[in-house]
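Below is one structure, written out as structure tokens, with a few remarks after it.
The values are calculated or read from the model by the stated rules, or taken from the named source; none is laboratory data. Treat the numbers as computed from the prediction; the structure is a model and nothing was measured. In this analysis, Cβ positions are derived from the backbone assuming ideal geometry, glycine residues included, and neighbour counts consider all displayed protein chains.
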Amino acid sequence: MAPAGKMQLKTLGQRTARFGLVAGLATSLSACALLGISEKPRETYELSAVDGFSGLSAATRAQILVKAPSALKSLDSERIVVRPAPPVVTYLAGAQWSDTLPRMVQAKLVATFENTGRTGATAQPGDGLVIDFQLVSEIRRFGIDERTGTAQIEMSIKLLTDKSGRVRQTRIFREAVPVRGSTSDAYFAALDDAFDLMTRDIVQWVLRTI
């Protein structure tokens, strides 16, 4: 058994080490504050909902439920994906979406269907409508491909009959739009243009299929 004096010295040494660690962290944080080092707020971007269609001949009185798309964790966030080269996935520095990508895509799809004025109603889960069809989707790609200098989006869409749950039709949608510039605004503009083209195709496909 160690003498009492040695035990006291050990305890004192442990306390001194812990104090030194805390003091070091405090000094480091104080130095950052004095230097003015802080994370700059990110620019926040939000996709557009298409407003204004031409050449739409199909229409339906059906009520459509748009479910939130599924996606891998790398896409299921507020960060904007940038792919320098496969299989590497990075994020656009200093920028973010206004919500998680699947939730934003869901909201903009609902708004786009509503803007057509050619459906009985379009809703998200929980809105309390009697549903005729469900739109079930997966976001497979949604970001900037730096190798090709394009904004690329890929989504798998299934149209289900609500009562039976049977798949009425399935289709994969892809869009690629050139990026004009190397700024966050240029990256966002290309992604927004690609999403605009895709949502127009999705709406027309759904209206023709129903």
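Here are some notes:
- Test: Ser137 is crowded, with 16+ Cβ neighbours inside 10 Å and within 23 Å of Lys73 (Cβ to Cβ): yes
- Residue match in segment 160-174 (condition: crowded, with 18+ Cβ neighbours inside 10 Å, under 18 Å from Lys108 (Cβ atoms) and either in the same structural domain as Ala49 (by TED's automatic domain parsing) or more than 16 Å from the chain's Cα centre (by Cα) (or both)): no
- Odd one out for Ile153 among (1) surrounded by 17 or more Cβ atoms within 10 Å (Cβ to Cβ); (2) touching a strand residue (DSSP E or B) at 6+ places or on another chain (Cβ under 7 Å); (3) in contact (Cβ under 8 Å) with a residue 60 or more places away in the chain: (3)
- Residue match in segment 53-74 (condition: part of a strand (DSSP E or B) and either outside the structural domain of Asp192 (by TED's automatic domain parsing) or within 18 Å of Ala194 (Cβ to Cβ) (or both)): yes
- Each residue in segment 107-122 was checked for being buried (at least 18 other Cβ atoms within 10 Å of the Cβ) and either small (Gly, Ala, Ser) or within 18 Å of the chain's Cα centre (by Cα) (or both), and 5 of them qualify.
- Residues located in segment 171-210, provided they are small (Gly, Ala, Ser) and either within 13 Å of Phe142 (Cβ to Cβ) or part of a helix (DSSP H, G or I) (or both): Ala176, Ser184, Ala186, Ala189, Ala190, Ala194
- Number of positions in segment 32-49 that are modelled with pLDDT of 95 or more and part of a loop (DSSP other than H, G, I, E, B): 4
- Ala95 meets the conditions (1) free of Cβ contacts under 8 Å to residues at least 60 places away in the same chain; (2) touching an Asp or Glu at 6+ places or on another chain (Cβ under 8 Å); (3) not acidic (Asp, Glu) in every case but one. The failed one is (1).
- Test: Ile139 is assigned by TED's automatic domain parsing to the domain that holds Gln169, of a type in the set (Val, Ile, Thr) and under 17 Å from Asp196 (Cβ atoms): yes
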